[in-house]
Amino acid sequence: MSAPTYDLGKLHGGLRLAAHKKQSTSEAIQVVPLPEQLILPITQHAGDAAQPIVDIGDRVLKGQLLADPDGLLGAGVHASSSGKIVAIEPWPVSRRYGDTAPCIVIECDGEDRAIDAAGIAADYEQLSPDQLLARILQGGIVGLGGAVFPTAQKLMQAITCELDYLILNGVECEPYISCDDMLMREHAGEIIGGAQILLRALALDVAYVVVESDKPEAIRRLGEVMGELGDERLILKQVPTIYPSGGEDQLVQLVTNREVPSGGLPTDVGCLVQNVGTAAAIHAWIRRNEPLVSRITTVTGDGIAKPMNVEARIGTTVADIVSFAGGYTEHAQQLIIGGPMTGKSVTTDKVPLVKATNCILVLSEAPAVGAELPCIRCGDCAAVCPIQLLPQQLFWYACADDEEKLRRYGLIDCIECGCCDLVCPSHIPLTADFRTAKARIMELADEKARAARARQRFEARNARLESEAHTRDAELSRQKESARKAGPDAIAEILKRKQEQSDED
Ligand code: SF4
Ligand code: SF4
């Protein structure tokens, strides 16, 4: 077994939180049976919605592409099982902004027939890095750690930078969530296989596989697999259990002691971070031709009868998954998609499991929050902020809707970790305010970008029309000159033609 190494950078702030993970990790991952219906949102990723390429009534096979990103920033959506498309319509979803989204609904036929797996690239080493990237693009793979950024596009951006390290993120620091822990325990080989594919696609020589210290079984399994392979490019690292050490920038700081600049990306300091689940999904797609049609998710909390980790098809409703986990306890009160710090409360369990769903958390009671009081400027929020922001200042500017100051004080770098909320003695919902302010700023930026694109199109059109008019005038002058030499009838004909063209314009 390869022993984990520890030489670490320093993480600013953060909190040691109660883990609440034991109840969902006491037994192996269970497979949820195929449901009668699968609900597949066409936007399960950061970027533009994929465009449906199927119609109601079409019969589809498992793994078939249903919605295409159409060359835009996005990821394809594949059928999670075989059956018939019965609707393409808005459905409740668990998105941070907006409660419904267009979904493709499959009525499953129960046969679970898959598309022909011909063309499997069993030996990925025969593919060039470019071919591998193009292939990953077709698999509908997105970052499974929560950001759901389309993986192929993230890799394509990364290869334009000077990279030193691939970092596989197995930290999973948010309480209650244990799906990555279980994946590492039970599918370590696939994660490491995915890391090797990524190293080839990125033409890199070093991959750090990073796991928190509270996951000894995962560390043991990964170490065994790496030891058997003897691939010296892979290095296992253990980091302390502190929330939010699994944030991309925080992980880069911990592992390499390099600081990602404000508004920048890990690639700015030579690092590319991928979640361990994403690596396993890449392995499944490249080695077995299986697009991203299922995932492991944690279903847990005091409101769930039998907390566990399950593997479920993308599109299975939360209601079906909860029912598989023994149903709700009589005290279940709050349903959260995601963890308690960064998840979203939803009011219906009709929402489907999507690529981003790492946890279904049902709490028997909503955490008691005291009445909001004025800020007493204690500074506790700044002490725990992992980005070294000044949350009390940001709060002030968010209340005043002062976009310029919010930008200057780094709101855009806030990772919405919720640490400041937890320590605030005045019970100010800082993170919720920051989330709203960020959404507003991003919306304004989108509007500005849209307006700039429209202006560019308008100016380009005017320039084209001007150039066409100029060419026409030059041609008419030339014809007039030859007509002048030819006589008065030819001049009359040219003037008539010019009048006709002006009428058309
Ligand atoms: S922790 Fe709360 S009360 Fe203290 S400075 Fe921050 S916002 Fe103000
Ligand atoms: S939510 Fe934002 S401001 Fe608050 S601690 Fe986290 S990163 Fe800092």
Quiz item: Is one or more of the residues making up the stretch 322-344 of a type in the set (Phe, Trp, Tyr) and open to solvent by 30 Å² or more (accessible area, probe 1.4 Å)?
Solution: yes
Quiz item: residue 210: assigned to a strand (DSSP E or B) and under 28 Å from residue 30 (Cα atoms), yes or no?
Solution: yes
Quiz prompt | Identity of the residue in the stretch 398-420, among the hydrophobic types (A, V, I, L, M, F, W, C) and more than 9 Å from ligand 2 (Cβ to nearest atom), that ends up nearest to the chain's Cα centre (by Cα) | solution = 412
Quiz item: Being within 13 Å of ligand 1 (Cβ to nearest atom), part of a helix (DSSP H, G or I) and within 17 Å of residue 342 (Cα to Cα), is that true of even one residue in the stretch 411-419?
Solution: yes
Practice problem: Write out, first by first residue and then by second, each pair whose Cβ atoms fall under 6 Å of each other, whose residues are 6+ apart or on separate chains, and whose first residue, in the stretch 449-478, is assigned by TED's automatic domain parsing to the domain that holds residue 500 while the second is of a type outside the set (Val, Ile, Thr). | Solution: 476/498
Quiz item: Across the stretch 383-397, what is the number of residues that are of a type in the set (A, V, I, L, M), free of Cβ contacts under 8 Å to residues at least 40 places away in the same chain and more than 6 Å from ligand 2 (Cβ to nearest atom)?
Solution: 1
Quiz item: Taking the stretch 146-182 on its own, how many of its residues are closer than 20 Å to residue 290 by Cβ and small (Gly, Ala, Ser)?
Solution: 1
Practice problem: Would you check if there is a residue in the stretch 421-433 being away from ligand 2 (no atom under 16 Å from the Cβ) and open to solvent by 50 Å² or more (accessible area, probe 1.4 Å)? | Solution: no
Quiz item: Does residue 412 satisfy the condition of being touching a residue at least 40 places away in the same chain (Cβ under 8 Å), of a type outside the set (Phe, Trp, Tyr) and touching a Phe, Trp or Tyr at 6+ places or on another chain (Cβ under 8 Å)?
Solution: no
Practice problem: For residue 357, work out the one condition from (1) open to solvent by less than 90 Å² (accessible area, probe 1.4 Å); (2) within 16 Å of ligand 2 (Cβ to nearest atom); (3) in a loop (DSSP other than H, G, I, E, B) it doesn't fulfil. | Solution: (2)
Exercise. Taking the options 435, 440, name whichever one is part of a helix (DSSP H, G or I) and away from ligand 1 (no atom under 16 Å from the Cβ).
Key: 440
Practice problem: Can you tell me which residue within the stretch 371-396, out of those that are within 13 Å of ligand 1 (Cβ to nearest atom) and among the small types (Gly, Ala, Ser), is surrounded by the most Cβ atoms within 10 Å (Cβ to Cβ)? | Solution: 382
Self-check item: Residue list for the stretch 270-291, filter: touching a strand residue (DSSP E or B) at 6+ places or on another chain (Cβ under 6 Å) and open to solvent by 10 Å² or more (accessible area, probe 1.4 Å)
Solution: 275, 291
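Got at least one residue in the stretch 429-441 being among the hydroxyl-bearing types (Ser, Thr, Tyr) and under 28 Å from residue 384 (Cβ atoms)?
yes
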Quiz item: From the residues in the stretch 58-92 that are acidic (Asp, Glu) and part of a strand (DSSP E or B), which one is surrounded by the fewest Cβ atoms within 10 Å (Cβ to Cβ)?
Solution: 89
Quiz item: Quick one: residue 144 ticks every box in (1) modelled with pLDDT of 90 or more; (2) open to solvent by 20 Å² or more (accessible area, probe 1.4 Å) bar one, so which box is it?
Solution: (2)
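Matching residues to (1) closer than 15 Å to residue 278 by Cα; (2) touching a helix residue (DSSP H, G or I) at 6+ places or on another chain (Cβ under 8 Å); (3) not hydroxyl-bearing (Ser, Thr, Tyr):
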{"site": "123", "(1), (2), (3)": "no, no, yes"}
{"site": "139", "(1), (2), (3)": "yes, yes, yes"}
{"site": "145", "(1), (2), (3)": "yes, yes, yes"}
{"site": "160", "(1), (2), (3)": "no, no, no"}
{"site": "233", "(1), (2), (3)": "no, yes, yes"}
{"site": "236", "(1), (2), (3)": "no, yes, yes"}
Quiz item: Before we move on, is residue 330 within 27 Å of residue 83 (Cβ to Cβ) and more than 16 Å from ligand 2 (Cβ to nearest atom)?
Solution: no
Quiz item: Is one or more of the residues making up the stretch 397-408 within 9 Å of ligand 1 (Cβ to nearest atom) and open to solvent by 20 Å² or more (accessible area, probe 1.4 Å)?
Solution: no
Quiz prompt | Matching residues in the stretch 242-264 - criterion: being touching a Leu at 6+ places or on another chain (Cβ under 9 Å) and open to solvent by 50 Å² or more (accessible area, probe 1.4 Å) | solution = 248, 249, 257
Practice problem: Return the pairs, sorted by first residue and then second, in which the second residue is among the polar types (S, T, N, Q) and part of a helix (DSSP H, G or I), the first residue lies in the stretch 164-193 and is under 24 Å from residue 302 (Cα atoms), the beta carbons are less than 6 Å apart, and the residues are 6+ apart or on different chains. | Solution: 178/24
Quiz item: What number of residues within the stretch 184-194 are open to solvent by 20 Å² or more (accessible area, probe 1.4 Å) and either part of a strand (DSSP E or B) or of a type outside the set (Lys, Arg) (or both)?
Solution: 4
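The values are calculated or read from the model by the stated rules, or taken from the named source; none is laboratory data. Everything numeric here is computed off the predicted structure, so don't read it as measured data. Backbone-built Cβ (ideal geometry, glycine too); neighbour counts: all protein chains shown. For accessibility, only protein heavy atoms count, side chains too; no ligands or nucleic acids. Shrake-Rupley method; radii C 1.70, N 1.55, O 1.52, S 1.80 Å.
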